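Taken together, the values in this text are just the output of simple stated rules run on the coordinates, not laboratory data. Since the model is a prediction, treat every value here as computed from it, not as a measurement. Counting neighbours? That spans all protein chains shown, and the Cβs are built from the backbone with ideal geometry, glycine included.
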Amino acid sequence: MIDLYYAPTGNGYRACIILREAELEFRPHRIHFTAKPEELFKLNPSGTIPVIRDSEGLDGRPLVLSQSGAILEYVALKTGRFWPADLGRRAMALQWFAHALSDVSASSSAFHMSQNDVPERSEANTRFWEQWLLNMLGACDRQLEGRDYLAEEVSLADFALYPAVMRRLGVIERHGGMVHLNRWLERMSARPGVAAGMAMK
Ligand SMILES: N[C@@H](CCC(=O)N[C@@H](CS)C(=O)NCC(=O)O)C(=O)O
């Protein structure tokens, strides 16, 4: 049995979505950041979500894992799904998985923090990060031209990107939208596993 510690945030949704998509049975534990249980710090010293505890792991031994990207890879390994068999597509999935986590999500966080969390706010810095984020999303938009998914078939790259894009729909719309990314969003949103993962509150 898998225990999932989550909250409805971009990183949290990645874990919710992949577990629903893979149709794995799991027990959800909703974490409230203002009242984190001691148990969370025992599982993940940084006290961040998502975290999973799988009583069986990959080799029958219990396993605890944090980092939304690692959880996506773990579920793909465990189930043999969302990880293209074709090696060219697999390499492409890895590239876009890395792009989603280290470029899109990182610039999305920087944009959000420059607006809400930094000690000294600056409109110029916020616009800088917004433009950086748009450039990273623009790369995804171009990749999706003529493709249903980032690596042709649905993969962990799409599940890594989706929650980050959903949180920045306003930015995309303010800048005139991105046709191929929007088409992909509709396709992803129509997947029952994605919808079920995003419905976790
Ligand atoms: N790189 C980590 C980031 C984890 C993270 O920062 N999670 C946030 C929610 S999106 C969190 O738990 N924040 C609570 C806190 O920092 O107190 C991942 O991808 O899982």
For the range 1-106, just list the percent of Cα-Cα distances falling in each 5 Å bin from zero outward, please. 2, 12, 22, 24, 18, 14, 5, 2, 1, 0
Set the Förster radius R0 to 35 Å, insert the Cβ-Cβ distance between GLU38 and ALA70 as r into 1/(1 + (r/R0)^6), and round the FRET efficiency to 0.05. 0.95
Sticking to Cα atoms, compute the Rg of the range 87-191 to one decimal and its Dmax as the biggest Cα-Cα distance, whole number, in Å. 14.0, 47
Please work out how much length the chain gains when fully extended from ARG90 to MET166, using 0.36 nm per residue of separation minus the C-alpha to C-alpha distance, in nm with one decimal. 24.9 nm
Express the C-alpha Rg of the chain as a ratio against the empirical globular expectation 2.2 N^0.38 Å, rounded to two decimals. 1.03
Once every DSSP H run of n ≥ 4 in the chain is given -39500 (n - 2.57) and the sum is divided by its residues, what mean residue ellipticity at 222 nm do you get, rounded to the nearest 500 deg cm²/dmol? -16500 deg cm²/dmol
List the lysines whose Cα lies under 24 Å from the Cα of LYS201, skipping any in the same chain that are fewer than 8 positions away. LYS36, LYS42
For VAL171, VAL165, what ranking results if the residue with the fewest other Cβ atoms within 10 Å of its Cβ goes first? VAL171, VAL165
